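J.: Dropping a structure here in structure tokens format, bear with me for questions.
Throughout, read-outs are computed from the coordinates displayed, never taken from laboratory work. None of these values were measured; they are calculated from a predicted model. Quick reminder, even Gly has a Cβ in these numbers, built from the backbone with ideal geometry, and neighbours come from all protein chains shown.
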Amino acid sequence: MSEWRWRAFKIVQSLVERLPRTWAYALAVMAARVAWWFSPLARPRLEYNLKVACPELTTSGLKELSRLNFRNHAKAYADLMMLPSMKVEAMRPLLHLEAKDLEYLEQARAVGKGVMVVSCHMGSYEVVSAIWSATLAPVSLFAEELEPRALFEWYRDTRARLGISVLPLHLGGLRKVTQALHDQEMVVTAIDRDITGTGQMMPFFGRPAPIPLGPAAIAVRLGTPLLPVCVFRLADDTYSAEAAAPVIAQSTGDARVDEVRVTQQLLRHIEGFIRRHPDQWHVPHRMWEGSP
Amino acid sequence: MKIGLVSPYDFASPGGVTDHVRHLARQLRRLDHAVRIFAPSSRADVDFDTAEFYRIGSPISVPVNDSVARITLSFHLADRVAEIIERERFDVLHFHEPLMPALPITMLRMSQAANVGTFHAFAKSNIGYFYGRPLLEPYLAHLHRGIAVSEPAKAFVNRYFPGFPLKVIPNGIDVSVFHPGHAPIRHLRDERVNILFVGRLEKRKGLGYLLRGYEFMKQRVPNTRLIVVGDGPLRSSVESYISRHRVPDVVMAGYVPDTVLPRYYCSADIFCAPATGAESFGIVLLEAMATGLPVVATEIDGYMSVLEPGRDSLTVQPKSWSELGAALVILARDAQLRTRMGAYGLEKARRYAWDEVASQVLEVYGEARQIRAQREMVRSGEVLNVHDAV
């Protein structure tokens, strides 16, 4: 089964890779429409999550939002598929950054203990981190291992081509994260999904959800500043990133309490990002009790 | 000095000569010379401002020397070039592959400056040079001084044009880019011994022999990984070979941008260059050495002009995968040997730094200008001095 999924992915990918960018997006929009109509679980779950994030939405508004969300996600997938053949020179102009956000990054860097970028599953973070790592500074991605294995390896090699190290969420990966931070690098991770199933229940959009404490734990132990960042797509299919003021984890002696406090601080920023760009936050998974 | 660098190859696609021109230009500018580059380009948006880069013609792909050269064949651009030469009044025009159609050879004919030519290519034989000899010789006479990038490249040119004086000035490498200490690609930097290949995936680069050699080695030293950096026409057949033979732990990195390439060198333990011939100079070998990597390479003329076997490298017969595999086994098993060879290479690579190379090139420019001045004197003497005429 998983073997076939990988084959199908590779076939579609090698097709999309050869298409001009606009065509690839057109194909993505079509695929998004099909997926939106026929997905048995993803759409209800996504809509449930979006409703929690933006409770003021009407039914028709929600429907429109989830349609847009699928569309943006499909475009992000197309971006990913085009990544192997993308030229760095062509990529650089696609990313718009504002001075304010770079200022936050500099603040975090000034601490001198590396930077832990905490983000959420939003936008084409693949492309943005690739642009970042190929043109500015090395980036490590602290992310889950996918199934099937071949797909994960493809992901890893594609990112590595542009200088992104992919570190899995286990002990060996953790050791490398420590090393990378020690070498003043940026490590990117997301905290809006509990992948390993070890998250702590805490309020997210006012309702309890399992949230991983890993990034906060690293920050508390190493003194690394945490930088909340989200990336999103602009109307003309270029990308932008938004940062918030870095969170410095102060240790009070009780590690667990510190981790929870810092994570909650981060979550408030992440919530703000999601509220500002709900059409790009694609998490079609169960997050809260009561989700379909 | 006002210097014009002329390259026949597509400036927008990566290649040895293009890189050479780009680096030389940067180094000369650093030394306060005015530099202009002439080259064809398939894209208008190369990372050079138009004031210093003249885009002459658009390139087409021509198969030569088991590879593909992207050159322009637009002879009709002569007028435009003549106009630029007239306006810019160069002190020195430096032609790369001066006998390559159409750009360098056209410009060489009309140049009034001191002309310097650098020969990069090397091959067993060249039909163009052989049959073109009578045609090309008058062009060659326009060159005041010649440079070859290596002894084999020099021997190659002298085979067809004996007696043409050539000075060997090696290719340079940017030691500010290639040095140890870059952040590695972290997931490749584990307890495995990484073998790195860098090059276009085409037949003459010999990746097929490396794959077989790697299989041979993998049975003996399982704790290893092969990283293949580069893209090219053979990519799909390499991939299918890997999946058919179930070769484990091969990472096909694809085309890696220049900004990331040094990090791949820093993620490796052994560098392997299995080319089967037709390499005039091993620029990748120098990049590897500058990063402190020991080298396993084939004994072809171009590589041997850079390597000192036993000190910085192990060398093997070209096309012999078993020898290649054995050399890899030796290095993969012996961490001390790797360190020793790497350290020697690192020391040696400094001699090839661009500032070193550029100062040698400038010396040649000076000689060329002298020769040109002498010839001018003789010529003007013919006209002006009655006694000479008598």
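J.: Could you give the radius of gyration (one decimal) and Dmax (whole number) of the Cα atoms in the protein assembly as shown, in Å?
T.: 29.1, 111
J.: Tally the DSSP beta bridges in chain B and give the antiparallel ones as a percent, rounded to 5. Mind showing how you got there, number by number?
T.: Working: 6 of 51 bridges.
Counting only bridges with both partners in chain B, antiparallel ones make up about 10 percent.
J.: Restricting to the protein assembly as shown, what percent of DSSP beta bridges are antiparallel, rounded to 5? If you can, show how the numbers build up before the last one.
T.: Values: 18 of 81 bridges.
Approximately 20 percent, going by the DSSP bridge assignments.
J.: Here's something else I'd like to know. Which percent, to the nearest 5, of DSSP beta bridges fully inside chain A are antiparallel?
T.: Working: 12 of 30 bridges.
Here the antiparallel bridges make up roughly 40 percent for chain A.
J.: Of the options A:His121, A:Pro138, A:Thr22, report the single residue whose Cα projects farthest towards the positive end of the charge dipole of region A:1-158 (beta-carbon charges: Lys, Arg +1; Asp, Glu -1).
T.: A:Thr22
J.: Excluding residues fewer than 8 places away in the same chain, name every one of the lysines whose C-alpha is closer than 17 Å to that of A:Lys113.
T.: Excluding near neighbours in sequence, the set is A:Lys176.
J.: Also: Charges only on Cβ, +1 for Lys and Arg, -1 for Asp and Glu: so what's the dipole of chain A about the Cα centre, in debye to the nearest 20?
T.: Working: 34 positive and 30 negative charges, 121 e Å.
So the magnitude is around 580 debye.
J.: List the aspartates and glutamates whose Cα lies under 15 Å from the Cα of B:Lys348, skipping any in the same chain that are fewer than 8 positions away.
T.: B:Asp174, B:Glu287, B:Glu308, B:Asp312, B:Glu356
J.: May I pose another question? How large is the charge dipole for the protein assembly as shown, taken about the Cα centre, if only the Cβ atoms of Lys, Arg (+1) and Asp, Glu (-1) carry charge, to the nearest 20 debye?
T.: Numbers: 80 positive and 72 negative charges, 251 e Å.
Value, rounded to 20: 1200 debye.
J.: Rounded to whole Å and ordered largest first, report the semi-axes of the equivalent ellipsoid of region A:2-276 derived from its Cα gyration tensor (root of 5λ). Numbers along the way, then the final one.
T.: On the way: eigenvalues 170, 108, 69 Å².
Rounded to whole Å, the semi-axes are 29, 23, 19.
J.: Under 27 Å between alpha carbons: how many lysine pairs meet that in region B:154-280, if sequence neighbours fewer than 8 apart on the same chain are excluded?
T.: Details: B:Lys154/B:Lys167; B:Lys154/B:Lys203; B:Lys154/B:Lys205; B:Lys203/B:Lys218; B:Lys205/B:Lys218.
Counting lysine pairs in region B:154-280 gives 5.
J.: Then there's this: Starting at the first residue of region A:264-271, write each ³J(HN,Hα) from the Karplus equation 6.51 cos²θ - 1.76 cosθ + 1.60 with θ = phi - 60°, in whole Hz, x for Gly and Pro.
T.: Result, ordered by residue: 5, 4, 5, 4, 4, 5, 4, 4 Hz.
J.: Follow-up question, since we're still on this one. Hey, what number do you get for the protein assembly as shown at 222 nm if only DSSP H runs of n ≥ 4 count, each worth -39500 (n - 2.57), divided across all residues, to the nearest 500?
T.: So the helix-based figure for the protein assembly as shown works out to -14500 deg cm²/dmol.
J.: From the residues B:Leu234, B:Ala183, B:Ala141, which one has its Cα farthest along the dipole of region B:127-262 in the positive direction, the dipole being from +1 and -1 charges on Cβ of Lys/Arg and Asp/Glu about the Cα centre?
T.: B:Leu234
J.: Under a straight-distance cross-link criterion of Cα-Cα below 18 Å, which aspartates and glutamates are reachable from A:Lys63, leaving out those fewer than 8 residues away in the same chain?
T.: Partners within reach: A:Glu47, A:Asp279.
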